[in-house]
Amino acid sequence: MSKRWMAWTAAAVLACGTGCGDKAGSNGGGESAAASAAPAPAAKPIESLFASKAPTLPAPFKGLKSGMTGEEAAKIIPGMPDEDTIEAAEYPDLRFNVGFDRKTKKISRFWINLPKDKAKAMLTQAWGSPVDGQTSIKKPISYWFNPEAGLRATLEESFGDDMKLEFTAYIPTEQFVGKDGKALAFEKPQAILGATIEQLRAAYPGVLVEKSQADAEKDRARMEKMMGDQKDKLKVLGKAKPSAYLDFPPTEYASYWTRVNLTWDDEGKVMRYRFKLDHRGFEAQARQAQFDLLKAKFGELKEGEKYGRKFFEASADPKITIEEDTISNGWDVTVEPAG
């Protein structure tokens with residue numbers, strides 16, 4: 001039960017007082033309170049939430065968008081972000097939930113719990129057949145996409161007899177990488193190689209994430225706690241130090257983001273960067289398609305092997321190296337100056 005519902009109920013009880021039992025009411029005219037109250041909206045079938053041909057946020061979210069701050073959300077729905085559950089009288093059995101990222105304090109997802117016995121068939125009727133795969137823990141999950149809106153919907157088992165329908169922003173792989181030319185589409189308006197942190201702050205204010213020395217030490221302490229007696233293995237990482245990276249929206253099958261990891265030279269400029277195209281749980285659907293997209297973009301790839309791992313290299317400046325990650329399942333793409 002949400003805070004808003006409890007607050008409304010308490011207020012109603014206090015306002016009612018002992019006069020709720022009086023047939024004449026308390027308006028002095030003998031008119032009943034029921035007659036003067038506005039009629040409750042008629043209940044609507046769940047199917048009416050999904051009238052579009054592709055995933056769109058259901059009407060009760062009232063124009064909220066991924067990336068909104070709590071203050072921006074509160075202008076649309078008062079009480080956000082402290083009150084993150086929306087109730088709609090037209091759908092009395094549903095709760096419409098908004099998730100705020102703990103670090104950025106911005107909206108990162110929306111979700112609804114739907115009846116298990118009808119959820120998938122209902123959504124398939126509305127949006128067409130989904131792409132079915134597995135989560136990282138081998139549980140079934142289904143995806144629907146709206147590339148024009150940059151919105152995807154996932155359906156997976158929740159608690160009890162419910163299915164969880166979640167909406168998140170995403171960027172299609174082809175749009176992220178780009179189709180034409182050698183330059184990567186996301187690398188705008190500032191070239192990343194050779195950039196300083198000040199330049200990246202100016203060019204990528206919405207996606208640049210900086211980690212302070214204190215944050216780095218906290219993360220290292222958490223890692224050491226997780227490693228327990230084997231924490232000495234973390235020494236290969238060197239000392240904890242400040243860092244920065246770029247977090248773009250996830251591609252089709254990535255969980256939370258498409259992260260561009262940055263490597264810096266001694267002059268404080270980016271000397272290399274790396275990102276992953278994820279396809280865990282969707283190997284059959286996405287693995288080859290992602291590779292074909294990269295091959296079409298960068299042209300003929302030279303195959304090699306290092307430390308027992310195959311890699312593919314594009315003969316271009318900057319140098320593009322593509323390696324398959326068979327552990328977390330994806331293509332690792334490294335960009336660095338040629339030579």
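The values are calculated or read from the model by the stated rules, or taken from the named source; none is laboratory data. Just so it is clear, the model here is predicted, and its values are computed rather than measured. Cβ sites come from the backbone with ideal geometry, for glycine too, and all protein chains shown count toward neighbours.
For every residue, the table says whether it meets (1) of a type in the set (Ser, Thr, Tyr); (2) modelled with pLDDT under 95.
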site: SER243; (1), (2): yes, yes
site: PRO249; (1), (2): no, no
site: TYR253; (1), (2): yes, no
site: THR258; (1), (2): yes, no
site: LEU262; (1), (2): no, no
* Search result, residues across segment 231-260 that are of a type outside the set (A, V, I, L, M), within 22 Å of PRO205 (Cα to Cα) and not in a loop (DSSP other than H, G, I, E, B) -> SER243, TYR245, ASP247, PHE248, THR258, ARG259
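Taking the conditions exactly as written (among the basic types (Lys, Arg) and at pLDDT 90 or above), does LYS218 satisfy them or not?
Numbers: among the basic types (Lys, Arg): yes; at pLDDT 90 or above: no.
So LYS218 fails the test.
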* Of the residues that sit in segment 75-85 and are touching a Leu at 6+ places or on another chain (Cβ under 9 Å) and surrounded by 16 or more Cβ atoms within 10 Å (Cβ to Cβ), which one is nearest to PHE50 (Cα to Cα)? -> ILE77
* Pick from ALA221, ALA240, ALA244: which is among the aliphatic types (A, V, I, L, M), within 22 Å of the chain's Cα centre (by Cα) and assigned by TED's automatic domain parsing to the domain that holds VAL177? -> ALA244
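Given LYS182, LYS276, which one is not acidic (Asp, Glu) and not in a strand (DSSP E or B)?
On the way: LYS276 fails: not in a strand (DSSP E or B).
Only one candidate passes the filter, namely LYS182.
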